[in-house]
Amino acid sequence: MPISGVPWWRDAVMYQIYLRSFRDGNGDGVGDLRGARAGLPYLAMLGVDGLWLSPCFPSPQHDHGYDVADYCAIDPLFGDLAEFDLLVADAHGLGLKVILDVVPNHCSREHSWFRQALKAGPASAARALFHFADGRGEYGELPPNNWRAMFGGPAWTRIQEADGRPGQWYLHLFTPHQPDFNWRHPNVADSFDDVLRFWLDRGVDGFRIDVAVGLFKHPELPDSPDPTADEDARDAVNPLAWNQPEVHEVWRRWRTICNAYSARDGKERTLVGEVAVPAPADQAAYLRPDELHQAFYFDLLHTPWDAAAFRTRIDAALKDIVSTGAPVTWVLNNHDQQRTPTRYSRGTQPGEEPDPERGAARARAAALLMLALPGSAYLYQGEELGLVEVTDLPSEALTDPIVAATGEPAKGRDGCRVPLPWTGEQAPFGFSDGPPHRSWLPQPHWFARYAVQRQRGDSGSSWHLYRDALQLRRSLTSLRDATLHWLPGPPDTVVFGRGSGFVCAVNFTDAPVTAPVPGKPLLSSLPCDDGKLAANSAAWWLVNRLPD
């Protein structure tokens, strides 16, 4: 429960619902709003504070909803506005907040603005809402610049004009199905003001902002000195395409809108940005008091299982982000990243085989570490079940546009998006009431051991670990203290205290170590016996005073 007088989002634990894969309410094999509503009591039982809902706007689904055709409606694949309103009402009735994913950097080729732009022709007002440009070369046959798309291939696509001749090119920093808006045109900003108000009027508690470092491009669209950087890193690296100074004015504008709603009814709204920048100090620029309330701290997603590395990344976040007055927003998983048990199963030596048991232990320990840190946290659906990446999906089942663009299945994100197992011994494991085995991505047979029903009946399961941690996070007075104190511990461990008596310790080694405090812990990711902290485990204690 949020601290009295403190905005709820500062220490909230939010649950990401990737709608297609959470729960199917109509039996067609694709998760939807009805299924999400049915799962709300589960979220309340787990103990989270709310949910982040992936895009459910009308879309041709080339990038699973991140190619938006209409920002003020619901795709029939997921339901309708009435169903959305019921979901928000039911969530609020259970004390859960609702954050809606909004995609301002780009839209779908099916968006009415883009269709009009294609018809209108060069130099038209309709094309000015996007980045249309003449090609280079004798016949305009070369792209306007050398930029590459993050998902692979050129960042430009040439169109056929209305008269059938090859024409201009348009910019898309992800896929050709997702043309980038020209945010230097005032109509774009005005339109998104209306989008925010539309959903705020329907009761949402804030927005997750996709590609929050995007929107503005260098006004001259020059060549990049490192054109393949975005494509190689699959990250916002090109300084001519990302993190332009004008973007901060957009977040000031959006913050003003949210503040006006909060002032009107006393209910805090939040803006949480997908801010992929090189360092925490860069992220801090987005978290000034009049800009975003929160920004995902992605560094732990890419940190190796190493005590010194984790401490360095945590220190940097606490130093640079907290100094702005904003909380750190911690994440270990999301719909774009390989799941932690699989990431952590990899060995550190060349040729070393992955160890699934070790990966599972480390993922449980990392969860206790994250949930003990000051600030807020976002969980990705299935994280609480200890789900691992599905790495052997058949090629014909793969749907990620990254795979289509690169021809490399290993780069795709389908493996972390396989629908959740709820109950039973065979697919679709309660995900859908439709025909057997019907789900938009196939579920492996071994998903049965991760099913919600089975884990709720096992007190040692990953689900119980998350549920118990969330209960303690709410109830312990020491965890209301936003400060963190590093404490001494054995080599290759991370030990810190919060408040007057909370201690968290994480053993990053493959062997037990002496526990940093005596006595049985309140909670541990693996059994801790005889004053030992198990290998690749974490534990929480409550003591009369923090150790020196």
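The values are calculated or read from the model by the stated rules, or taken from the named source; none is laboratory data. All values reported here derive from a predicted model rather than from experimental measurement. Virtual Cβ from ideal backbone geometry, glycine too; neighbours counted across all protein chains shown.
Annotations for the structure displayed:
- Which numbered condition A410 fails, given (1) modelled with pLDDT under 95; (2) farther than 22 Å from P356 by Cβ: (2)
- Cβ-Cβ distances below 6 Å connect no pair with a first residue in segment 109-128 that is closer than 15 Å to G167 by Cα and touching a residue at least 12 places away in the same chain (Cβ under 8 Å), a second residue that is in a helix (DSSP H, G or I) and of a type in the set (V, I, T), and a separation of six or more residues or different chains.
- Residue satisfying condition, being surrounded by fewer than 16 Cβ atoms within 10 Å (Cβ to Cβ), in the same structural domain as V211 (by TED's automatic domain parsing) and in contact (Cβ under 8 Å) with a residue 40 or more places away in the chain, within set D306, D282: D306
- Put simply, of D49, D28, D90 the only residue that is over 22 Å from V211 (Cα atoms) and within 17 Å of the chain's Cα centre (by Cα) is D49.
- Among (1) of a type outside the set (D, E, K, R); (2) buried (at least 16 other Cβ atoms within 10 Å of the Cβ); (3) more than 18 Å from D336 (Cα to Cα), the one test that A89 misses: (2)
- Restricted to segment 144-261, the set of strands (runs of 3 or more DSSP E) holding at least 2 residues that are in contact with a Lys or Arg (Cβ under 9 Å, 6 or more places away or on another chain) comprises 166-171, 206-209.
- Checking W440 against (1) touching a Ser or Thr at 6+ places or on another chain (Cβ under 7 Å); (2) buried (at least 19 other Cβ atoms within 10 Å of the Cβ), the condition it does not meet: (1)
- Summed over segment 472-516, the residues that are touching a Gly at 6+ places or on another chain (Cβ under 9 Å) and assigned to a loop (DSSP other than H, G, I, E, B) give a count of 8.
- Looking across segment 192-230, just one residue is farther than 21 Å from R136 by Cβ and either over 25 Å from the mean Cα position of the chain (by Cα) or without any contact (Cβ under 8 Å) to a residue 24 or more places away in the chain (or both), and that is D201.
- Pick from segment 303-332, criterion assigned to a loop (DSSP other than H, G, I, E, B) and over 24 Å from V495 (Cβ atoms), ranking: farthest from the chain's Cα centre (by Cα): G325
- Residues considered: P289, P222, P245. Of these, the only one that is closer than 28 Å to L51 by Cβ and surrounded by fewer than 20 Cβ atoms within 10 Å (Cβ to Cβ) is P289.
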